[in-house]
Structure formats: structure tokens, C-alpha cells
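Every number in this text was worked out from the coordinates using simple rules, so none of it is lab data. None of the values given here were measured: they were computed from a predicted structure. Positions of Cβ are backbone-derived with ideal geometry, glycine not excepted, and every protein chain shown enters the neighbour counts.
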Amino acid sequence: MARRLIRFFRRPFSDQRLLLRAALSVAAARLATRILPLPAARSAVRCIQPPGRVSSRASVERLIWAVDAASRAIPGMKNCLVQAVAAEAMLARAGHACELRIGGAKNESQEFIAHAWLESCGRVLIGEFERERYTPMAAPRRADAPSAQR
């Protein structure tokens, strides 16, 4: 723990701020996905994102790095759905397009397993996985997402 803190304080202020925002996003995503339906959880996490110049200028790679680092640093947060929801909220706040994907498969015991990941332009941003193993399903729309017009 002490080493992590030392490394954190040796980073530039912009990295510290980005990591703190990512930690907030990851913690909010963990709580929201446990107590709310997924569409509402996605909206709630997006709403708590503080506006600011750091995240609006941050590249996709820096935002993903921050979410991954925060998820590893906080016990119990290394979860594909939590990471995908947290990263989606941060990317959306910064104006980067992405899509939450959820896929299902059966494990060796023929039990259903699920995996969540985040994509942008067909590229997996967070939630690396064996692409051929999971069958993509439609991810629930965020509660604040506009309805599709017919």
C-alpha cells in the first residue's frame, strides 16, 4: 500500500487527478451495478463524472489506463462489468464514442458465463477476452440514452 501511495505522489498532478477520477468512477460503478438495474447504473455512473479540463482533454488510452490502474489498486474492483461501466462513463464525459458490449458463453461445466467489454470502432478498449468464445448480446441502453426513432 505504501509503495502505491509513493508511486501515486511521484506522478504528475494531471495523472493524480485522472487516477482519482477513475477511482471515483470505478467505485461508483461497483456500487451502482450491485444495487441498480444495468441501464440505471450506467446513467448514474455517468452523472457523477465531474466536469473538468483533465478528463475532457484526456486521450482514450489515458482514460483506459486510469480505469485499469484504479481497478487494480482498489480491492474487489477488478471486474469486467465494473470496469466497462466506469470507462464508458469517463469516455462519454470526455466526448469519446464507445459501446458497452455483453456476451455470453458456457464454461467447461456447461454453466452460463457472461463477460462485458467496451468497444470503439470495432476495437476492444477494456475487457480483453477470447472473441470467439462469447456470443454478443444487446447491452441494455442507458436510462438517459435517447430512444431509437422508428
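Taken along its three principal axes, the alpha carbon spread of the range 83-138 comes to 41, 18, 18 Å, from the longest extent down to the shortest.
Rounded to the nearest whole angstrom, the semi-axes of the ellipsoid equivalent to the range 2-97, taken from the Cα gyration tensor as √(5λ), stand at 21, 16, 10, largest first.
Close amide H contacts of Ile126 (hydrogens built in the peptide plane, cut-off under 5 Å, sequence separation of 5 or more or a different chain): Leu118.
Peptides 80-93, 100-113 ranked from most to least packed give 80-93, 100-113, packing being the mean of other C-beta atoms within 10 angstrom over each peptide's residues.
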